[in-house]
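Trainee: Sending over a structure as structure tokens; questions will come in a sec.
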Amino acid sequence: MHVLVIGLGHMGGPMAANLVAAGHDVSGFDLGADQCSTAAATGVAVVDAVEAAAGAADVVLTSLPGPTQVGSVGEQLFASMAPDAVWVDTSTSDLDRAESLRGPAREAGVHLVDATVSGGPEGSAAGTLSVFVGGDDEPVARCMPLFDAIGERIHHLGPHGAGYVAKIAQVTLCYTQTVCLVEALMLGVKGGVEPARMLEMIRHSAGGSYVADNYGPEIVAGTYDPTFPLSHAAKDMRLAMEMAGHVGAELPFMAAVAEAYAAAESTFGAEAPHLLAARLTEIANDLTLHEERR
Ligand code: NAD
């Protein structure tokens, strides 16, 4: 298949490389020079403008920061994609944006498929992502070889928009559990248990989780996982709250978590590691969980 990948960052770059490895004819575009040269080294034919490559593509796959970029790239795509081609958006975006794309897509004869992903840059590099798909059966079936090249678990969940919903709904648990893990650690440590021993106990109890296993050690070591920025975490929680408004869901506990991440982003900066959210609890308690600073 002729595939154009737009957005060659932490997720899109390795996806494009895996599409090349699976034998597809892959071109790529990104605003960043570094992302373009990394992708070119994996066999992606990097282009300096979207239009011609989009016109020649069977499928355009986007991996963009969020709804704003999805909207602006969408305008270019509807003006240049061939009728009956498919736009697969793997970005974490929202229902408002999804709805706003449907009219222009119909007019351009372009099929919309949302295929959000979970598994991080490591999963993208390994081709083992979980993919949450929304869209009509026929274009989704056409894209299955592409999904198989980037992911391991492919879930077709419903019509266009279902992938965005599923991604946002599941990822809120990650942040909610992080905030709760920090509070549980704080409670134990204030009660006199060492942070590392408290974490070990949580990991091997009913309170254990992916978050405790993977984020807990980074919190206790004070490294805070620099591979994922606070801006992405705050964006995901903001999208969750907007989606709750859109579908009429009352989620007061998650609203508090969204506020915590917004406060962390404004305190520590957009590019700071996402687990610095833990610092807010530490500051409020005048006690650090980071062993060397205690
Ligand atoms: P990233 O910032 O590394 O990559 C996004 C890329 O899009 C950047 O290289 C940027 O230069 C490019 N870009 C921005 N605007 C553009 C435009 N108008 N035209 C062309 N390129 C443009 O982000 P990422 O971590 O790869 O995440 C991409 C998407 O995947 C986001 O929606 C994110 O929420 C989602 N996601 C990320 C992870 C993760 O762990 N990083 C996991 C699951 C989903």
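Trainee: Provide the FRET efficiency to the nearest 0.05 for the Ala141-Ala33 pair, computing r from the beta carbons and using R0 = 35 Å. Write down the numbers at each step before the final one.
Mentor: Values: r = 37 Å, r/R0 = 1.05.
In this case the efficiency is close to 0.45.
Trainee: Follow-up question, since we're still on this one. Volume per residue, Å³, of the convex hull around the alpha-carbon atoms of the chain? Walk me through the numbers on the way to the answer.
Mentor: Values: hull volume 38.8 nm³, N = 294.
Cα convex hull per residue, to the nearest whole number: 132 Å³.
Trainee: In addition: What are the ³J(HN,Hα) values, in whole Hz, obtained from phi via the Karplus relation 6.51 cos²θ - 1.76 cosθ + 1.60 with θ = phi - 60°, for each residue of the range 93-100 in sequence order, with x given for Gly and Pro?
Mentor: 10, 10, 5, 4, 5, 4, 5, 5
Trainee: Using only Cα atoms, find the angle between the long axis of helix 252-268 and the longest principal axis of the chain, and express it within 0 to 90 degrees, rounded to the nearest 10.
Mentor: Once rounded, the angle reads 90 degrees.
Trainee: Expressed as a whole percentage, what fraction of the accessible surface of the range 19-65 belongs to carbon and sulfur atoms when a 1.4 Å probe is rolled over the protein heavy atoms?
Mentor: Numbers: 1260 of 2180 Å².
Carbon and sulfur: 58 percent of the exposed surface of the range 19-65.
Trainee: Please give the calculated 222 nm ellipticity per residue for the chain, where each DSSP H segment of at least 4 residues contributes -39500 (n - 2.57) and the sum is spread over every residue; nearest 500 deg cm²/dmol? Mind showing how you got there, number by number?
Mentor: Values: 14 runs with 166 residues, N = 294.
-17500 deg cm²/dmol, from helical runs alone.
Trainee: Hey, can you find the accessible area per residue of the range 167-294 for me, probe 1.4 Å, expressed in square angstrom? Display every interim value, and only then the final one.
Mentor: Numbers: 6370 Å² over 128 residues.
Per-residue value: 50 Å².
Trainee: Answer rounded, prolate or oblate for the range 29-123, using the Cα gyration tensor with square roots of eigenvalues a ≥ b ≥ c: rounded when a/c is under 1.5, else prolate when a/b is larger than b/c, else oblate. Each step should come with its number before you reach the end.
Mentor: Numbers: a/c = 1.89, a/b = 1.25, b/c = 1.51.
Because a/c hits 1.5 or more and a/b fails to exceed b/c, the range 29-123 counts as oblate.
Trainee: Summarise the accessible area of the range 148-281 (1.4 Å probe, protein heavy atoms) by the percent that is carbon and sulfur. Walk me through the numbers before you get to the answer.
Mentor: Values: 3680 of 6330 Å².
Here carbon and sulfur together make up 58 percent of the probe-accessible area.
Trainee: Taking the highest mean first, how do the peptides 65-71, 5-11, 32-38 order by number of other beta carbon atoms within 10 angstrom per residue? All intermediate terms of the calculation are to be shown ahead of the outcome.
Mentor: Numbers: 65-71: 17.7, 5-11: 24.9, 32-38: 14.6.
Ranking, from highest mean packing down: 5-11, 65-71, 32-38.
Trainee: Output wanted: per-residue J couplings in Hz (rounded whole) for the range 139-153, from phi through Karplus 6.51 cos²θ - 1.76 cosθ + 1.60, θ = phi - 60°, x for Gly and Pro.
Mentor: Result, ordered by residue: x, 5, 4, 4, 8, 3, x, 6, 4, 5, 6, 9, x, 10, 10 Hz.
Trainee: Next question, about the same structure. Based on the mean of other beta carbon atoms within 10 Å per residue, what is the order of 72-79, 24-31, most packed first? It would help to have the intermediate numbers written out before the result.
Mentor: On the way: 72-79: 17.4, 24-31: 21.5.
Top to bottom by mean Cβ count within 10 Å: 24-31, 72-79.
Trainee: Can I ask one more? Could you tell me the distance between the Cα centroids of the range 115-183 and the range 259-277, to the nearest Å?
Mentor: For the range 115-183 versus the range 259-277, the Cα centre distance is 24 Å.
Trainee: Also, quick follow-up: Which order do you get for Lys190, Lys235 if you rank them by accessible area with a 1.4 Å probe, largest at the top?
Mentor: Final ranking, largest accessible area leading: Lys190, Lys235.
Trainee: Moving on to the next point. Using only alpha carbon positions, build the gyration tensor of the range 166-293, then give the equivalent ellipsoid semi-axes as the square roots of 5 times its eigenvalues, largest first, whole angstrom. All intermediate terms of the calculation are to be shown ahead of the outcome.
Mentor: Working: eigenvalues 123, 52, 33 Å².
Rounded to whole Å, the semi-axes are 25, 16, 13.
Trainee: Here's another thing I want to ask about it. Rounded to the nearest 10 degrees, what's the angle between the helix 67-80 long axis and the longest principal axis of the chain, both from Cα atoms, 0 to 90?
Mentor: 10
The values are calculated or read from the model by the stated rules, or taken from the named source; none is laboratory data. From a predicted model like this one, the values you see are computed outputs, not experimental measurements. Note that we place each Cβ from the backbone using ideal geometry, even for glycine, and neighbour counts take in every protein chain shown. Ligands, DNA and RNA are stripped out before the accessible areas are found, and what is left, the full protein with its side chains, is counted by its heavy atoms. Shrake-Rupley method; radii C 1.70, N 1.55, O 1.52, S 1.80 Å.
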